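The values are calculated or read from the model by the stated rules, or taken from the named source; none is laboratory data. Small disclaimer: the values here were computed from a predicted structure and weren't measured. With ideal geometry, Cβ positions are generated from the backbone for all residues, glycine too; neighbour counts draw on all protein chains shown. Quick note on the areas: whole protein, heavy atoms, side chains included, nothing else; ligands and nucleic acids left out. Shrake-Rupley method; radii C 1.70, N 1.55, O 1.52, S 1.80 Å.
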Amino acid sequence: MNAPRTSLRSTPSEAVIASLSEELFSRFGDRFVVSAAVREQHGHSLTWVKNQPPDIVVYPRTTEEVSEIVKLCAAREVPVIPFGTGTSLEGHINAPYGGVSIDMSLMKNIIAVHEEDLDCVVEAGVTRKELNEHLRDKGLFFPIDPGADASIGGMVATRASGTNAVRYGTMKDVVLALTVVLPDGEIVKTSSRARKSSAGYDLTRLLIGSEGTLGVVTEITLKLHGIPEAISAGICPFPSVKAACDAVIMTIQSGIPMARIELLDEVQVRAVNLHAKLALPDSPLLLLEFHGTDAGVQEQAERFGEIAAEFGGGPFEWATKPEERSKLWQARHDAYWAAKGLRPGAQSIATDVCVPISRLAECVDETKRDIVENGLIAPIVGHVGDGNFHVQPLVNIDDPAEVAACEAFVDRLVKRALAMEGTCTGEHGVGQKKMKYLEIEHGPAALGLMRVLKRAIDPHNIMNPGKIVAL
């Protein structure tokens, strides 16, 4: 299983790219693009990973067109990099070996909504907000909500989650089936619309979180939920980050069915207040949301208020109107951009880890001390209901000493989480930046098995090479 790490990838020659360009332009016309600006956009990352643009960008409209593109690339062993909306944080969409970026933004069809079965089928370029706008009048919603308005295909690729994960799970919990173009261009459907199956290998979950390294996801069948009868949100300040995390742990262990429970440390609160013109208490706080019946929501809120008081939290303030709730959660979703405002001109180095809920307070508290002791500006925000939190150091990328200090901090953060039986990433994914931690987290045998699967499905290593596992 643990085969040697021999390289199976090189950069295509200019002659190969020229030949491929001729065929792609002939087939796709103005949906074939080689301008420097567009190529750089498709090698862009929202973090400090160096831009590595592809040679070509192509915009397909159908699964069959994706298959055509992949077949042309496979014949020449040219890399293929799927592209959603470009909001990934770990270098997922970079093209370290050049190749073709397949931009899914024209694949926007919501193919079917089966209201009676609470599921739908969408193309990969549909974003989460577009889907929910379409579903709203049907009384349904799609619950997975990463901060960005990511594409559904991209969310599958990174096994995304978000603020609702504590109640509704992550992408692995809501995807029923996928249509995928494999590295040879063959089109495969991984499952049916049935809510459960014992028929064969679970190909759906193999591909969720594979970050485009095993194939290009083109269609997704998703579970949906009914819009709750009652929704209530509120904020609760705490004297310290540890107190807030301890309250979260007690809330989860008590079985209170929270829909959302988000942590903002005092640095992130300051950033959000400046960015969104809010007046949140200037201390660590939890943003909460309860879903259910009117009576159920009231009972959940009262029980949480009692727990919060035990840890010095309060007062618990309600956002009773829908527009107030929307403003509050939009401010939370904009936390990345808000944090950047704390140090204009600095690069944001957003990263995340996840630990068992019982270790959350310890991990966040140690991380907070690490930030203070090293003089970093690094807001903390997190989906703490499932032990996942994000840290966003703001760094002068032109100062080698600052960059080295930040890299050392991120390394300590990840190893701290792993020592607590956590993971190097709860939802951002591996990409390029966290590959080095996979063997520590999974062990050499498991990482070797990942390489075996990659080689078996993609023997020429054309699918998003240089991500997740090194070959």
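For the reader, a short list of remarks on this structure follows.
- Only residues that are assigned to a helix (DSSP H, G or I) and within 24 Å of Ala160 (Cβ to Cβ) were counted in the range 55-103, giving 3.
- Selected residue (only one of Glu373, Glu366, Glu402 is under 19 Å from Ala247 (Cβ atoms) and open to solvent by 10 Å² or more (accessible area, probe 1.4 Å)): Glu366
- Single residue of Ile227, Ile187 found to be open to solvent by 40 Å² or more (accessible area, probe 1.4 Å) and touching a Ser or Thr at 6+ places or on another chain (Cβ under 6 Å): Ile187
- Qualifying positions in the range 442-458 - part of a loop (DSSP other than H, G, I, E, B) and touching a residue at least 60 places away in the same chain (Cβ under 8 Å): Asp458
- Whichever residue in the range 376-399 is assigned to a loop (DSSP other than H, G, I, E, B) and in contact with a Gly (Cβ under 8 Å, 6 or more places away or on another chain) and, among such residues, is surrounded by the fewest Cβ atoms within 10 Å (Cβ to Cβ): Asn396
Residues are listed down the side, and each one gets a yes or a no for (1) in a strand (DSSP E or B); (2) free of Cβ contacts under 8 Å to residues at least 12 places away in the same chain:
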site: Ala243; (1), (2): no, no
site: Val248; (1), (2): no, no
site: Ile252; (1), (2): no, no
site: Leu287; (1), (2): yes, no
site: Glu306; (1), (2): no, yes
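- Among the residues of the range 165-182, those that are open to solvent by less than 10 Å² (accessible area, probe 1.4 Å) and either among the polar types (S, T, N, Q) or touching a Leu at 6+ places or on another chain (Cβ under 8 Å) (or both) comprise Val174, Val175, Leu178, Val180.
- Test result for Ala350, open to solvent by less than 50 Å² (accessible area, probe 1.4 Å), in contact with a His (Cβ under 8 Å, 6 or more places away or on another chain) and at pLDDT below 95: yes
- The set of residues in the range 250-266 being of a type in the set (Val, Ile, Thr) and either crowded, with 22+ Cβ neighbours inside 10 Å or under 21 Å from the mean Cα position of the chain (by Cα) (or both) consists of Thr251, Ile261.
- Odd one out for Ile111 among (1) outside any strand (DSSP E or B); (2) among the aliphatic types (A, V, I, L, M); (3) open to solvent by 40 Å² or more (accessible area, probe 1.4 Å): (1)
- Residue under evaluation Ala244, criteria (1) within 25 Å of Thr367 (Cα to Cα); (2) over 25 Å from the mean Cα position of the chain (by Cα), criterion not met: (2)
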